[in-house]
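To start, the structure under review is shown below, and the notes come after it.
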Amino acid sequence: MNQFIHRRHWLQRVGMGFGGIAALHLMQRHTPAATVVKTSKPGIPSDGVINPTHHLPKAKRVIYLFQAGGPSQLETWDYKPLLNELQGKPLPDSVRNGQRLTGMSGNQAILPLAGSIFGFEQHGESGTWVSELMPHMAGQVDQIAIIRSMHTEAINHDPAITFLQTGNQISGRPSIGSWLHYGLGSDSENLPAFVVLITKDKGGQPLYSRLWGSGFLPARYQGVQFRSGKEPVLYLANPPGISRDSRRSMLDRLNELHALEQDRLGDSELASRIEQYEMAYRMQASVPEVADLSDESQATLDLYGPDASKPGTFAANCVLARRLAERGVRFIQLYHQGWDQHGNLPTAIKRQCQETDQPAAALLQDLQQRGMLDDTLVIWGGEFGRTNYSQGTLTATNYGRDHHPRCFSMWMAGGGVRGGVTHGETCEFGYNVVSDGVHVRDFHATLMHLMGIDHTRFTAKFQGLDARLTGVEPSRIVQEILA
């Protein structure tokens, strides 16, 4: 009888079953190792492919506050009084040095320097300069390490944000959260290891699900987006007429069928599918519980600000991020859009900071008072910075800034990061890095290091190569910001 035989059948049936052996090997790659190999720098056990970790981790989990659109470093973390002194004068050619511009400002007759209209003051024991736009984060400067010398090659949003999230400007690679889930496994039985939260009702550059996708890794490592409202995860609830008991019975029968097929084919994707079904079943109870903020004290909600009780706001998502972290979620990604301020920057950035400043500071305080900041790595930053000159018309009260990949600011806190540190320096014009530059790959290498991973040894096979988050070009761990 003629029977359709797909590739898995063929691999299993020829060559004395070598195809099945290979498939079994692939399955075992996603199974916790039976023994822990001792190294000169012992790590800790994990249920991911890195078991044990390459060294002792400083952080157990990450909360990444991604400010999509490119926040202006000149209005937030990088004080440049010279720009105010030279207000309206052209950007010197010696400073630009022939660097490329976008088409949005590249055809301007002049590139007029624009100082920030917002004041800066020094704060904390570290004496860190912080904009008046961030009064709450100003009180946290001794808890954070500000990197003022970040730089990237990408000058447009899509490749820039893809680079920050996946280590490559071209889409299709695993995101940071997927790499960590793959490498370290999950600390939660009832929630995903990688959760994504997006501030609702925000305009700006679009966000694509591939930014939290698993790329060439199995699909079970992709991020799970939580939404505000009655159904935090789409299609998770049982349809009308289906009880939880009947769902359990259906899954048991389905798992039995999958197990039979797995025994016959040795297909690792079947094991992943079974695991995803079971996780979805457990999430039916765990997700509504974690997403319900009604058991938070009023004092906690007040700490995060007036928006904390409004589902889907940045403040509410920060509270939810802390709840997810408490329950063992390894990587929590918050996206807040609206930082792409080519015009009307003073008004727009003031609104953005009002939405994010208090919640971000509260998150650090909340984690610290719960004893979680020491092993939770918190990150704030966007995909690039903004120009020191005005895009379009410059007035005394209004201006805009174009994309600028040559230097921008980020901060990190907790999880092995030394507080009260300012790392790197830009020129007095705020246009070029002059010392201790930190590339995107350096940022990724440092993040992995804090999680107990040697980025040079953490790879996955892709198109015949050993692919890794940091790629093949040189990258270094930013030791200067580590505790």
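Some notes on this structure:
- Treating r as the C-beta distance of N344 and K230 and R0 as 35 Å, the FRET efficiency rounds to 0.45.
- Degrees, to the nearest 10: 345-369 long Cα axis against longest axis of the chain: 50
- Rounded to the nearest 10 degrees, the angle from helix 18-29 to the longest Cα principal axis of the chain is 50 degrees.
- For segment 144-173 and segment 316-385, distance of Cα centres in Å: 18
- Euclidean distance between Cα centres, segment 209-283 to segment 56-103, Å: 42
- When D252, D78, D307 are arranged by Cβ crowding within 10 Å, least crowded first, meaning fewest neighbours, the order is D252, D307, D78.
- Shown for R264, R322: other C-beta atoms within 10 Å of each C-beta, ranked fewest to most, produce the order R264, R322.
- In this structure, K89 and Q354 have a Cβ-Cβ separation that, at R0 = 35 Å, corresponds to a calculated FRET efficiency of about 0.65.
- The chain - mean residue ellipticity at 222 nm from DSSP helices (-39,500 (n - 2.57) per run, n ≥ 4, rounded to 500): -10000 deg cm²/dmol
- Candidate values (i) 186; (ii) 177; (iii) 167, label of the one derived for volume of the Cα convex hull per residue in Å³: (ii)
- Computed extension length for E125-I170: 12.0 nm, one decimal, from 0.36 nm per residue of separation with the Cα-Cα distance subtracted.
- In terms of other Cβ atoms within 10 Å, R282, R386, R418, R330 run from fewest to most in the order R282, R418, R330, R386.
- Net lengthening on full extension, D263/E132 (0.36 nm per residue, minus Cα-Cα): 40.8 nm
- Site pair L482 and L251 shows an inter-label distance of 4.0 nm when each label is modelled 7 Å from Cα along Cα→Cβ.
Where a number appears in this text, it was derived from the coordinates with a stated rule and is not lab data. Everything numeric in this text was worked out from a predicted model, so none of it was measured. Positions of Cβ are generated from backbone atoms using ideal geometry, with glycine treated the same way; all protein chains shown enter the neighbour counts.
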